[in-house]
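What follows is a short report on a single structure.
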Amino acid sequence: MKLWGIADQVVRLAILLAIVGGVTVALRARFVPPSFGETGHYRAEAVTIAAELPVRYAGSEICAECHDDQEELRRRSYHRGLSCEVCHGAAAAHAEDFEAQQPLVPRARGEACLACHEYLPSRPTGFPQIIERLHNPLEPCVGCHDPHDPTPPEVPSSCAACHAQIERTKAVSHHLALTCETCHEAAPEHRIEPRSHLPNKPTAREACGRCHAEGADSGAEIPRVDLDTHGPRYLCWQCHYPHHPEA
Amino acid sequence: MPEDRSRREFLISVLQFPCSAALVAVCGPLATAAAATEDEASSERYFGMGIQVDKCIGCGRCVRACKTENDLPEAPFYFRTWIERYAIHADGRVDVDSPEGGINGFLPRESEGEVVRSFFVPKLCNQCDNPPCVQVCPVGATFKTDDGVILVDSDYCIGCRYCIQACPYGARFLDPRTKTADKCTFCYHRITQGLLPACVEVCPTGARVFGELKADASPLRRLMRMSRLQVLKPSLNTEPKVFYTELDGEVR
């Protein structure tokens, strides 16, 4: 049988094609989710869902609207870079309605402070650190330091309070007997506002030479080198770490 | 007629492929064209993060904030961001540890041998501009938004874990509750409202800097102008949008 003179097998083929095409369209409509492909090879709706998840950390600006006392203190203190919620925990619900949630108040000794301030050699130098075991034990930290303005009650006496890593390195080195001031002139202000009054660092080979040069007027036990021939083109501390010199 | 039937079957299977291929060919380009125009419209909002390694004190507050903000599983191995501690020994050996991702901070290392230097490196999804995870997703459940953030559509993810395998930074995990892939979104729900990602909000030393990559003045642009930037595994050509400064050569 021929339809409009078209070969039988072509008609069959056309019918088949139509069925397969129809089924594909139906399946796509069934399985491809609604907003798929609107903005790319994904569900556009997923972006909206991701953008509408609940916020739990409100951010420090909002806290300041009601707690201006704490904010005023914090803003001028060493803790100016700290978000309120890093100590008080996520408090968006509290900021929305202060009766709905009581933020954490970490009063116990070390509860909030030690994650940041306990001595660890891996922390950057200059970051203030204490050894909890030795630093005024048993009393809560907030007894002496207001957490919103933790300025120590007295100016720290030793360089080690902030440069613990250097102090500890030096203490096991041949330079253990040298005080920091042998090589650095640190103004007293450096201990109050460290970054605005940086101490100086040795700049020339002679700084080491005054003890280690052949003819230097220094202790007999100190090993000597000839400044003219010993690593002449470099500064001494390009080869020796000054706080832990090794030969 | 057995002969006939087998021919029919043969025809069906032969035809199935070109038919669906033709449909895809017709519909595919339409979708991508729509995507392209959208891309240009909001291209100035394009997010990235800078990490100043020399400022990280390893307090782990970011890890905790991330878990809370994004409601991640409690168990200590599901992290969208985590801190690694590197210790480089005098003999060249490199130790890396990350106890519970650093969520409780760190204890002093049990030291064996002399350590020459040690420091902390925060890690997270690098939000690659050329993301291998997106390439391997068989269903389009992970994708790059117009602002450059890689998201996971957890309603559509089939949990096949290809993306977890494909990520060279180990930034993805399978959420045990939903059995779908999960990872850092730069806190998409926060940044679209103008808030900072939770980890950046709580970082006490400004080690994490968040901002727009294409704006003229953003904290991130300033950082990028002022410092020498590095990315993790640059040779993989993933083009991360998380940039590190003062990164030690030993960091992988």
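Key figures
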read-out: Residue A:64 paired with residue A:52, simple spin-label distance in nm, labels 7 Å along Cα-to-beta-carbon; value: 3.2
read-out: Chymotrypsin sites (Phe, Trp or Tyr not before Pro) restricted to the stretch A:59-156 and DSSP loop, no more than 13 other C-beta within 10 Å; value: A:98
read-out: Residue B:209 - accessible surface, heavy atoms, 1.4 Å probe, Å² rounded to 10; value: 20
read-out: Exposure of residue B:196 as accessible area (Å², to 10), given a probe of 1.4 Å and all protein chains; value: 70
read-out: Probe 1.4 Å - accessible area at residue B:61, Å² to nearest ten; value: 40
read-out: Shielding of A:52-63 by partner chains, average beta-carbon count, 10 Å; value: 5
read-out: For residue A:35, net neighbour charge (Lys/Arg +1, Asp/Glu -1) across residues whose Cβ lies under 12 Å away; value: -3
read-out: Separation between Cα centres of the stretch B:173-211 and the stretch B:101-116, rounded to whole Å; value: 26
read-out: Antiparallel DSSP beta bridges within the protein assembly as shown, percent to nearest 5; value: 85
read-out: D_trans [Stokes-Einstein, Kirkwood Rh over alpha-carbon pairs] for chain A, 20 °C, 1.002 mPa s, µm² s⁻¹; value: 84
read-out: Estimated FRET transfer efficiency when R0 is 22 angstrom, pair residue A:71-residue A:135 (beta carbons, to 0.05); value: 0.20
read-out: Global form of the stretch A:157-247, assessed from the alpha-carbon gyration tensor, a/c cut-off 1.5; value: prolate
read-out: Accessible carbon and sulfur surface of the protein assembly as shown relative to its total accessible area, %, 1.4 Å; value: 57
read-out: Ranking by accessible area, most exposed first, for B:226, B:49 with a 1.4 Å probe; value: B:226, B:49
read-out: Set of lysines with alpha-carbon distance to residue B:144 below 17 Å, sequence-local pairs under 8 removed; value: B:183, B:214, B:241
read-out: Descending Cα extents along the principal axes, the protein assembly as shown, whole Å; value: 121, 66, 42
read-out: Stretchable slack from residue A:13 to residue A:218, in nm (0.36 nm times residue separation minus alpha-carbon distance); value: 63.3 nm
read-out: Environment charge at residue B:159 (Cβ cut-off 15 Å; Lys +1, Arg +1, Asp -1, Glu -1); value: +1
read-out: Within the protein assembly as shown, helix-based [θ] at 222 nm, where runs of 4 or more DSSP H residues each add -39,500 (n - 2.57), nearest 500; value: -9000 deg cm²/dmol
read-out: Where N is the number of residues in the stretch A:2-51, Cα Rg divided by 2.2 N^0.38 Å; value: 1.94
read-out: Stokes-Einstein diffusion coefficient of the stretch A:47-172, Kirkwood radius over Cα pairs, 20 °C, 1.002 mPa s, in µm²/s; value: 128
read-out: Those GluC sites (Glu not before Pro) in the stretch A:69-136 that DSSP places in a loop and that have at most 12 other beta carbons within 10 Å; value: A:99
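The values are calculated or read from the model by the stated rules, or taken from the named source; none is laboratory data. Just so we're clear, the structure is a prediction, and the values are computed from it rather than from any experiment. Glycine also receives a Cβ, built like all others from the backbone with ideal geometry; neighbour counts cover every protein chain displayed. For accessibility, only protein heavy atoms count, side chains too; no ligands or nucleic acids. Shrake-Rupley method; radii C 1.70, N 1.55, O 1.52, S 1.80 Å.
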